[in-house]
Amino acid sequence: MKNLSVGQASVALASGQMSSEALTGRCLEQIRKRESETHAWAFIDPERALDQARQRDREERRSPLHGIPVGIKDIIDTADMPTAYGNERYAGHFPSQDAEIVSLLKKAGAVILGKTVTTEFAYFTPGPTRNPNNLSHTPGGSSSGSAAAVADQHVPFALGTQTAGSMIRPASFNGIVGLKPSFGTLPYKGTHTLAGSLDTLGLFSRTIADQRLLLTALAPHLQIANGPETPVVAVCRTAYWNQIDREMQEAFESHVRALKEKGIACVEYELPVMFTELADAQREIMAVEASRALHEEYQHHRASLGTFTIELIEEGLAVTPEQEAAARNLAARCRYRLERIFDAHDLILTPAALGVAPAGIERTGDPILQRIWTFLGNPSLTYPIARTAQNLPLGVQLVSAFGQDHALIDMADRLNTLATGD
């Protein structure tokens, strides 16, 4: 093909070098060629998409996203397309109105190409999506279809969500860029709730620079700021280093060496002991809040729920008020400690996942390396650093201070450029 990045597409459309209809047609052609293998889409109507694109071509440009196709994770409500939340009971369900983020995309002039596959209610029960880099492997989850669609060049960007690790993990598994913004940066209204204090809308793209363009268009209230020219990076292998695959360990160490060789201050850092309890605490809060959010489904439609979803709800029902309070208290204390860490460091650098995407599509991989950052609400971003002999990508994860999303994107772009020489 190859499809353009968001930035390239924006320039091409603004300059008249390409029409939205032509760009959308490219995307649909790639989907026609590849969807039978990747299964990234829950719903797509080619003629509807082309009609939107033609309308965009007749209009004045509304934003840098004008005329650019986007994939919408199928837990995000769309009034003119079905939204099934990854659950068979909602097949053919049409919400009464668009989610707020979809309204923002339409206002910006984006072309809503279709709905991408999600795991059931954005938890672990997977759909049919496969990793486009190696079809025998999972794309990760829960934002399975969105990550695969961007990686397979079906669409320049897509929306996902993260409650534990559903942006960073699939982005790493698919070899693309994933941004989980600071909690609350993108409006969640109209997106199905799993755990309200954790659920975060995020963005997939093929370049880091695209993330700044996307965030500027969709979160104009967010302060735009660059990071320091020579950031101080806390290299954090986490308490789970011994669980990380050798290939990921080697790729991570190689990336750190490359940064050091380019003059970046990479400081070895071990998180305080209290942080080792955060992943379990995040799991407790996610389970408790999911048992409340999915109460109606559990009580009256249990037969339609997958085993993983039922287990999560029942786990949440077993959490005592004292355990819930202790988990929330731990998060509050760790947020304070994390602020002090960022007084002396600009970024935390960790592996993005335990390794490559696992074989098979029955499970979506372990979110253990993303849980604590989701729980604390800080922005995190992943970009690819290596590929294995099986053509499976490996990524790193960068975390910055809360609200410093633009600085995070800027620093990530600089580090990636320095390490790769691109």
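The values are calculated or read from the model by the stated rules, or taken from the named source; none is laboratory data. Because the structure is predicted, anything quoted here is derived from the model rather than measured. Cβ atoms come from the backbone with ideal geometry, glycine included; neighbour counts cover every protein chain shown. Keep in mind that these areas ignore ligands, DNA and RNA; they rest on the heavy atoms of the full protein, side chains included. Shrake-Rupley method; radii C 1.70, N 1.55, O 1.52, S 1.80 Å.
If you bin all the Cα-Cα distances of segment 345-422 at 5 Å, starting from zero, the percentages per bin are 3, 14, 23, 22, 18, 12, 6, 1.
A cut-off under 15 angstrom between Cβ atoms defines the neighbours of residue 87, and their net charge, with Lys, Arg +1 and Asp, Glu -1, is -2. Applying 1/(1 + (r/R0)^6) with R0 = 45 Å to the Cβ-Cβ distance of residue 265 and residue 363 gives a FRET efficiency near 0.75. Taken over segment 67-130, the alpha-carbon convex hull comes to 83 cubic angstrom per residue. Packing around the peptides 111-118, 30-37, taken as the average count of other Cβ atoms within 10 Å per residue, puts them in this order, highest first: 111-118, 30-37.
Using the Cβ-Cβ distance between residue 336 and residue 221 with R0 = 35 Å, the FRET efficiency computed as 1/(1 + (r/R0)^6) comes to roughly 0.90.
Each part gets one Cα centre, and for segment 62-111 versus segment 380-422 those centres are 28 Å apart. Over segment 1-57, the hull volume per residue, using the convex hull of the C-alpha atoms, is 83 Å³. In units of the rule-of-thumb radius 2.2 N^0.38 Å, segment 266-313 shows an alpha carbon radius of gyration of 1.71. With the simple model of a label 7 Å out from the Cα in the direction of the Cβ, residue 296 to residue 22 spans 4.7 nm. The phi-based Karplus calculation (6.51 cos²θ - 1.76 cosθ + 1.60; θ = phi - 60°) puts the 3J(HN,Hα) values of segment 132-145 at x, 6, 7, 5, 8, 10, 5, x, x, x, 7, 7, 4, x Hz, whole numbers, x for Gly and Pro. So, in Å, what gap is there between the alpha-carbon centers of segment 185-247 and segment 5-51? For segment 185-247 versus segment 5-51, the Cα centre distance is 25 Å.
Accessible surface area normalised per residue over segment 84-172 is 23 Å², counting heavy atoms of protein chains with a 1.4 Å rolling probe. Computed from the C-beta positions of residue 344 and residue 322 and an R0 of 30 Å, the FRET efficiency is 0.30 to the nearest 0.05.
Label zone (residue 79, point 7 Å along Cα-to-C-beta; backbone nitrogen cut-off 16 Å) within segment 182-196: 189-191. Descending by average beta-carbon neighbour count within 10 Å, the peptides 120-127, 71-78 line up as 71-78, 120-127, the highest first.
Taking the accessible area of the chain, probe 1.4 Å, and keeping the other protein chains in place, the carbon and sulfur fraction comes to 49%.
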